[in-house]
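Single-structure report; data block below.
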Amino acid sequence: MAQADAGVPSFHVTTRMQQIATVLGLPGTRVYTMPAGVLVHHADGTTAFFDADNSTAGTGSLRMDQLQQLQSLLDDVAGGRTGAKEGLGRLEAMKNAPPRYNTAATLGGHALFGLGFGMLLKPTWWGLVLAAVLAVIVGGVNSWAGRNRAGAALFPVVASFAVTAVVDLCAPRIGMTPALALIAPLASLLPAAAMTYAVIDLSAGQAISGTARLAVGVQRMVLLAFGAYAASRLVPDAPHHTGTTLDWAPWLGVAVFCAGSVLTESAPVKALPTLLLVAYTTFTVQYFTADHGGPILGGFAAGVAAVIAAGLFDRVPGALPSYAGFVPVLWVVVPGALGLQGAVELGEPGDHLAAVTEIGIAVMVIVALAVGILFATLTFDTARSALRRRPSARTGPHG
């Protein structure tokens, strides 16, 4: 259930739970991961279903610190160091653990999150200020609205409407286009992980889970686009002024974004170095691959690089588990941002063909990113298993 709450790909949950069932002496147990829970079929023919705690199918509700504790627990159970009773106690303590940082630090994390994401989009100086301020407001209100199911459902529309109204009035005056300026404040609401994992599950044969995640991701994008479209039609155009774009900003933005992710997701500070290594590895690979082969090939290369880097560094003390270490990197690739920008521009007067092209490219980048993640995951797991078996083969009956 906890892995389902984490929002990780269903095939990963199924494989992990099958391994643990074997360690606990239940080799005949079969585990099936559903969009909102886990179905367990025992060898004696009985079946049990365990509901996940997340309220929306296919989304993750665990913080980074909780993901670290979950990874440690799974490793201990799989290694025979923790029994079922003790494991359930640790699991309950993990779920009830309060956030690591106070409200002020978390809001500061939202400011860094929006600031770093804004840097990825090569804004102006005042554009960075606007992104940071609006990101704090969106992140703070989202934390409050998320406690209520109705509030959580309506918030994407309200937030995108309000943010778009503000940027329509302010962005032209600071040398930015509104469709680009609204992305950074809304970045935390983009379903980057859900849509990427949806394609991974579909590619891995997990049709039910993949379809549910995809539906949730598409719904979120539609709500964000609708709110932005409504505001863009109601708010009058502001006079446009020129501004100097910060072409160097993306390389610094990766670090600022990662620092913001640590604070907003309650990760320990000692996880930041490995997160930076994974993020910069992915960003560099994507940057140069996209420069030579286009954004779609860049998305595939980013998926491969993110998984390999996260897998190589996940045993470093303080590092995030491999399946969570590359999640913030999904925002760095910004396929969802491209799709939202295209959806907003589609509702505005002008070249609609260009907007449709942006949406199509965003969809293909998400698919390429997911295929890259799936390819790297399967290849990396196979290589790890082969390396683990090699020493035992050398120390066999013939010494």
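The values are calculated or read from the model by the stated rules, or taken from the named source; none is laboratory data. What you are looking at is a predicted structure, and each value in this text was computed from that prediction instead of being measured. Neighbour counts are summed over all protein chains in view; Cβ atoms, including those assigned to glycine, are modelled from backbone coordinates with ideal geometry.
Check the stretch 378-389 and report whether any residue there is modelled with pLDDT of 75 or more and either in contact with a helix residue (DSSP H, G or I) (Cβ under 8 Å, 6 or more places away or on another chain) or not hydroxyl-bearing (Ser, Thr, Tyr) (or both).
Yes; the residues of the stretch 378-389 include at least one that is modelled with pLDDT of 75 or more and either in contact with a helix residue (DSSP H, G or I) (Cβ under 8 Å, 6 or more places away or on another chain) or not hydroxyl-bearing (Ser, Thr, Tyr) (or both).
May I ask you to list the residues in the stretch 169-183 that are at pLDDT 85 or above and either of a type in the set (Phe, Trp, Tyr) or buried (at least 18 other Cβ atoms within 10 Å of the Cβ) (or both)?
Cys170
Tally time: how many residues in the stretch 112-127 are assigned to a loop (DSSP other than H, G, I, E, B) and surrounded by fewer than 24 Cβ atoms within 10 Å (Cβ to Cβ)?
Residues flagged as assigned to a loop (DSSP other than H, G, I, E, B) and surrounded by fewer than 24 Cβ atoms within 10 Å (Cβ to Cβ) within the stretch 112-127 amount to 3.
Mind checking which residues of the stretch 299-319 are in a helix (DSSP H, G or I) and out of contact with any helix residue (DSSP H, G or I) (no Cβ under 8 Å at 6 or more places or on another chain)?
Residue satisfying the conditions is Leu312 alone.
Working carefully through the options Leu320, Leu340, Leu297, Leu330, find the one that is under 24 Å from the mean Cα position of the chain (by Cα) and at pLDDT 75 or above.
After applying the criteria, what remains is Leu297.
Report, by residue number, each residue of the stretch 40-49 that is at pLDDT below 75 and either within 20 Å of Ser209 (Cα to Cα) or surrounded by 13 or more Cβ atoms within 10 Å (Cβ to Cβ) (or both).
His41, His42, Ala48, Phe49
For the stretch 263-271, check the following and say yes or no: at least one residue is part of a helix (DSSP H, G or I) and in contact with a helix residue (DSSP H, G or I) (Cβ under 6 Å, 6 or more places away or on another chain).
Checking the stretch 263-271: at least one residue is part of a helix (DSSP H, G or I) and in contact with a helix residue (DSSP H, G or I) (Cβ under 6 Å, 6 or more places away or on another chain).
In the stretch 363-376, which residues are farther than 14 Å from Leu214 by Cβ and among the small types (Gly, Ala, Ser)?
Correct list: Ala368, Gly372, Ala376.
Please go through the stretch 302-317 and give me each residue that is of a type in the set (Val, Ile, Thr) and modelled with pLDDT of 80 or more, ordered by number.
Hits for the stretch 302-317 are Val304, Val307, Ile308.
Answer yes or no: is there a residue in the stretch 70-88 that is at pLDDT 75 or above, in a loop (DSSP other than H, G, I, E, B) and either touching a Lys or Arg at 6+ places or on another chain (Cβ under 8 Å) or outside the structural domain of Arg16 (by TED's automatic domain parsing) (or both).
yes
Pairs needed: first member in the stretch 238-261, assigned to a loop (DSSP other than H, G, I, E, B); second member anywhere, of a type in the set (Ser, Thr, Tyr) and at pLDDT 80 or above; C-beta distance under 8 Å; at least 6 residues apart or different chains.
Gly243/Thr124; Thr244/Thr124; Thr245/Thr124; Leu246/Thr124
With respect to Gly325, is the statement that it is modelled with pLDDT of 75 or more and not β-branched (Val, Ile, Thr) true?
Answer is no for this residue.
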